[in-house]
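Rule-based calculations on the coordinates, nothing more; no lab input. Every value quoted in this text rests on a predicted model; they were computed, and no experiment measured them.
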Amino acid sequence: MDDPAVRAGEPGWIPVCDIGRLKAETIVSVAGLDMLVIWNEGDVVACERACPHEQADLGLGQVVAGRLFCPRHAASFDLRDGRISSGWPSPPLRLYPARVTEEQVWIEAQGRQPRR
Ligand code: FES
């Protein structure tokens with residue numbers, strides 16, 4: 001996870017918050033972007049904030065056992081690949097690259113994964 005190659009000013013990478021805050025809050029909204037960073041079982045995940053089903057604010061959701069639960073419906077998303085729980089007519093949740101360097105959480109907002 002800790003990668004010294006990621007430094008302030010590297011094109012495309014945005015500092016979000018420190019890892020201590022993320023561990024304490026589990027879900028942190030990225031200021032100025034409709035994105036979230038999530039502390040998930042010892043790993044950092046970055047994703048879009050609007051639920052791909054009906055655009056609920058996933059920043060109000062909950063993380064349980066590797067899944068992000070939407071606050072509006074009973075659906076949840078696998079935080080490894082963004083897939084929604086079975087039976088829901090929805091594209092997957094968009095995930096973005098995320099890293100931690102010297103206690104700082106970074107995301108690459110440009111590196112969007114295409115919808116599958
Ligand atoms: S709005 Fe999120 S599952 Fe329906």
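Looking at the chain, what % of its DSSP beta bridges pair antiparallel, to the nearest 5?
Counting DSSP beta bridges with both partners in the chain, the antiparallel share is about 95 percent.
Based on the Kirkwood radius over alpha-carbon pairs, what is the Stokes-Einstein translational diffusion coefficient of region 13-108 at 20 °C with 1.002 mPa s viscosity, in µm²/s? Kindly include the intermediate steps, with their values, before the conclusion.
Working: Rh = 13.2 Å.
The calculation lands on 163 µm²/s.
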